[in-house]
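In what follows, a single structure is set out as structure tokens and then discussed.
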Amino acid sequence: MTGATGFSLQPGEDQLAVAQWAHEFAERVIRPAAHEWDEREETPWPIIEEAAKIGMYSLEFIVNAALDPSGLQLAMVSEELCWGDAGIALSILGTALAVSAIFQSGTPEQQGEWLPQCYGTPGDLKMAAFGVSEADAGSDVSSLKTRAVYDEAADEWVLNGTKTWITNGGLANTHVIVAQVDPELKARGHAGFIVPEGTRGISQGRKFQKLGIRASHTAEVILDDCRVPGSCLLGGKAKLDEKLARAREGGHSASQTALGTFEASRPYVAAEALGVARAAYEYALDYAKERRQFGRAIIENQAISFTLADMRTRLDAARLLVWRAAWMGRNRQPYAAAEGSQSKLFAGETAVWITERAVQILGGAGYVRDSPVERWFRDAKIFTIFEGTSEIQRLVIARAISGLHLN
């Protein structure tokens, strides 16, 4: 961030106030309910309702946070909510992924019509889902098999296929589905479609029971001759035809719904990982100060104190990468060295590293199910997997710094 001296890493008063507001909600509402909803493995609607009542679960809030000129506001809020609990936080934040896709790829008319419907209002909550991944197309989005075929006579698109590992999948009122419209073009033949609430031919398949983030709903989405109006094609038909023609001629396409959405979201996913890591670090630090063995606090043992020093150092280093990437993305600075992927890679692996060491510091007390450290340890792992595995992030970074199309 820029200040009077030309450079500053200090967030502004408004940013700090919003982050503190999110922290207080996480401390007062989310964290006390975290164990219950993790055990239930259900969407925490009462918590989402509380977030909606204070304006946190709303289009207005997510847009204002995302449009913060520094890019830091949404990252700071994401960290605080996941400090409370990652599963519940993802139930609150998960709708934003579909919102991002509509915002990035939709026409102004589509944005005006559909974005408000993604959240609803207190007492009448809505939810949205973004569907890309398939059983044989997770990291390799070029292998999508879900097809969208245009019925010109009816001006409708017919979608068929199965999406999997979809946050809010099947539960959502509005789905944004990425489908193949020209298989020969692979990733360049994709398009995004809004599937409105009540559309025939879309249903929830298997709901997954997961290692972590259990309060966040993850399921298959089945599309069986699912028809949506032509107006539900993100960006419109003319833009799609132009993109496909350019791709067939070997030209570059600047608009790919799946890749564009993930690129924009990576620093904020990384910030979520920070929240989990920070929660575990703080808990382990307090425990090490209080736990006594052989007549002294265990933090007085060099092995423990050095481990905590490394935990804090990695946590702060990860946050700097996240803030840099968030600032670059908001200010349209190109990710020349894949800085978004750098933040996701390092923060995700840092969360796994820190939570594992927190369990070790607590010993048996950290291994039992009623310990929050045990839950944070399970939650952390997803951040090296979803929205691009660590291996994919390394591939993206390697391609960026080498200029080569590495496999």
Looking at the range 8-52 only, could you name the residues that are among the β-branched types (Val, Ile, Thr) and within 19 Å of VAL276 (Cβ to Cβ)? VAL29, ILE30, ILE47
Flagged pairs (Cβ under 7 angstrom, 6 or more apart or on separate chains; first in the range 48-59, farther than 15 Å from ARG28 by Cα and in contact (Cβ under 8 Å) with a residue 24 or more places away in the chain; second among the small types (Gly, Ala, Ser) and part of a helix (DSSP H, G or I)) are TYR57/ALA51; SER58/ALA52
Say we look at the range 328-348 and pick out the residues that are outside any helix (DSSP H, G or I) and out of contact with any helix residue (DSSP H, G or I) (no Cβ under 7 Å at 6 or more places or on another chain); which of these is surrounded by the most Cβ atoms within 10 Å (Cβ to Cβ)? GLN333
Given the conditions (1) surrounded by fewer than 23 Cβ atoms within 10 Å (Cβ to Cβ); (2) more than 20 Å from the chain's Cα centre (by Cα); (3) part of a helix (DSSP H, G or I), every one holds for ARG378 apart from (2)
Filter the range 383-407 for residues that are aliphatic (A, V, I, L, M) and part of a loop (DSSP other than H, G, I, E, B); which is farthest from ASP140 (Cα to Cα)? LEU404
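Conditions (1) surrounded by fewer than 19 Cβ atoms within 10 Å (Cβ to Cβ); (2) among the charged types (D, E, K, R); (3) on the phi > 0 side of the Ramachandran plot; (4) touching a helix residue (DSSP H, G or I) at 6+ places or on another chain (Cβ under 9 Å), marked per residue:
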site: SER100; (1), (2), (3), (4): no, no, no, yes
site: THR107; (1), (2), (3), (4): yes, no, no, yes
site: PRO116; (1), (2), (3), (4): yes, no, no, yes
site: LYS126; (1), (2), (3), (4): yes, yes, no, yes
site: PHE130; (1), (2), (3), (4): no, no, no, yes
site: ALA135; (1), (2), (3), (4): yes, no, no, no
site: SER139; (1), (2), (3), (4): yes, no, no, yes
site: SER142; (1), (2), (3), (4): yes, no, no, yes
site: ILE166; (1), (2), (3), (4): no, no, no, no
Does ALA215 satisfy the criteria of being modelled with pLDDT under 95 and hydrophobic (A, V, I, L, M, F, W, C)? no
Any pair with Cβ under 9 angstrom, 6 or more apart, that starts in the range 144-166 at a residue that is closer than 14 Å to THR199 by Cβ and ends at one that is assigned to a strand (DSSP E or B) and among the hydroxyl-bearing types (Ser, Thr, Tyr): GLU156/TYR150; TRP157/TYR150; VAL158/TYR150
If the Cβ limit is 7 Å and pairs must be 6+ apart or interchain, which residue in the range 1-23 that is within 24 Å of PHE61 (Cα to Cα) and part of a helix (DSSP H, G or I) pairs with which residue that is of a type in the set (Val, Ile, Thr) and at pLDDT 80 or above? VAL18/VAL77; ALA19/VAL77; ALA22/VAL77
Can you name the strands (runs of 3 or more DSSP E) wholly within the range 144-242 that have at least 3 residues being in contact with a Lys or Arg (Cβ under 9 Å, 6 or more places away or on another chain) and assigned by TED's automatic domain parsing to the domain that holds VAL132? 156-167, 174-180, 218-229
For the range 352-364, the count of residues that are part of a loop (DSSP other than H, G, I, E, B) and surrounded by 23 or more Cβ atoms within 10 Å (Cβ to Cβ) equals 0
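For (1) β-branched (Val, Ile, Thr); (2) without any contact (Cβ under 8 Å) to a residue 40 or more places away in the chain; (3) buried (at least 23 other Cβ atoms within 10 Å of the Cβ); (4) not assigned by TED's automatic domain parsing to the domain that holds ILE382, each residue gets a yes or a no:
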| site | (1), (2), (3), (4) |
| --- | --- |
| GLU290 | no, yes, no, no |
| LEU308 | no, no, no, no |
| THR313 | yes, yes, no, no |
| ALA326 | no, no, yes, no |
| THR350 | yes, no, yes, no |
Hey, could you check the range 168-202 for residues that are at positive phi and touching a helix residue (DSSP H, G or I) at 6+ places or on another chain (Cβ under 8 Å) and say which is surrounded by the fewest Cβ atoms within 10 Å (Cβ to Cβ)? LYS186
Return the only residue of ALA277, ALA245 being assigned to a helix (DSSP H, G or I) and at pLDDT below 95. ALA245
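The values are calculated or read from the model by the stated rules, or taken from the named source; none is laboratory data. If you're wondering where the values come from, they're calculated on a predicted model, not measured in any experiment. Don't worry about glycine lacking a Cβ; one is built from the backbone with ideal geometry, like all the others, and counts go over all protein chains shown.
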